Amino acid sequence: LAGMAAMIASIDGDSPHALAEVLGFTLDCLEGQFAVYHRFDLEQGHIVTQQGCKLPEDFRECSRLSGQICYEELVAAGRPRVVYPDLSRTVYMTSDPDVARYHLRAYAGASVRLHGQTIGSLAVYDHRPREFDEIQCAVLDMASQWVACITARLSSERQLVRKSAIDNVLSAVS
């Protein structure tokens, strides 16, 4: 509970640090191998690894959308959350390069949604087949909403910096 309080307090502060806190908290609660926040670039057809916790050193930064468990289940199938206790019984053993490359066996992922659109996913992977209980799934759902809030805050911060730069240029020209 103390970890949750510290993590929630961090959301009001430094946004990149807050994202790391949420990923770490989620990974601890779900007791997985690693956690990752992917952004979907639907126009370019790519998944971009935004941030991770305990990711393998050579984890991909960008990959195609098709065949990826997070895209196929959370965007294409339109689900808010997907849990696979044993990936060896799915097509993702061959279609998802991360599942195959890192010999992953369990997956729990939730949609990260902004303005009614799925913009990414928060996922926890494990090397062993295993069940995720209802409390762990509730934590994943809650954490994906926190990631959406942090993402919105980062976007607003970037827009504010751009607007300020434009205002400074216009002021200098005047």
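The values are calculated or read from the model by the stated rules, or taken from the named source; none is laboratory data. Please read these numbers as outputs of a predicted model, since none were measured by experiment. Every residue, glycine among them, receives a Cβ derived from its backbone with ideal geometry; neighbour counts consider all protein chains shown. Just so you know, the surface numbers come from the protein's heavy atoms only, side chains and all, with ligands and any DNA or RNA stripped out. Shrake-Rupley method; radii C 1.70, N 1.55, O 1.52, S 1.80 Å.
Among residues that are hydrophobic (A, V, I, L, M, F, W, C), within 13 Å of the chain's Cα centre (by Cα) and more than 17 Å from Tyr71 (Cβ to Cβ), Ala165 is not included.
The residues of the range 78-102 that are over 21 Å from Gln136 (Cβ atoms) and either surrounded by fewer than 18 Cβ atoms within 10 Å (Cβ to Cβ) or in contact with a Ser or Thr (Cβ under 8 Å, 6 or more places away or on another chain) (or both), listed by number, are Gly78, Val91, Met93, Thr94, Ser95, Pro97, Ala100, Arg101. Remark: pairs (first residue in the range 24-38, under 22 Å from Ser63 (Cα atoms) and part of a helix (DSSP H, G or I); second residue open to solvent by less than 10 Å² (accessible area, probe 1.4 Å) and at pLDDT 95 or above; Cβ separation under 8 Å; 6+ apart in sequence or on different chains) are absent.
Looking only at residues in the range 119-174 that are in a loop (DSSP other than H, G, I, E, B) and touching a strand residue (DSSP E or B) at 6+ places or on another chain (Cβ under 7 Å), which one is surrounded by the fewest Cβ atoms within 10 Å (Cβ to Cβ)?
My answer is Arg128.
Residue pairs whose Cβ atoms lie under 7 Å apart, sitting 6 or more positions apart in sequence or on different chains, and linking a residue in the range 55-81 that is closer than 16 Å to Ala108 by Cα to a partner that is in a helix (DSSP H, G or I), are Ile69/Tyr92; Ile69/Val99; Arg79/Glu73; Arg81/Cys137; Arg81/Leu140; Arg81/Asp141. Step by step: first the residues of the range 106-115, then only those that are farther than 17 Å from Ala77 by Cβ and open to solvent by 30 Å² or more (accessible area, probe 1.4 Å), then the one that is modelled with the highest pLDDT. Which residue is that? Checked the range 106-115; the qualifying residue modelled with the highest pLDDT is Leu114. Take His17 and tell me if it is exposed (fewer than 15 other Cβ atoms within 10 Å of the Cβ) and closer than 17 Å to Leu122 by Cβ. It is true that His17 is exposed (fewer than 15 other Cβ atoms within 10 Å of the Cβ) and closer than 17 Å to Leu122 by Cβ.
Among the residues of the range 55-65, some residue qualifies, meaning at least one is among the polar types (S, T, N, Q), open to solvent by 10 Å² or more (accessible area, probe 1.4 Å) and touching a strand residue (DSSP E or B) at 6+ places or on another chain (Cβ under 7 Å).
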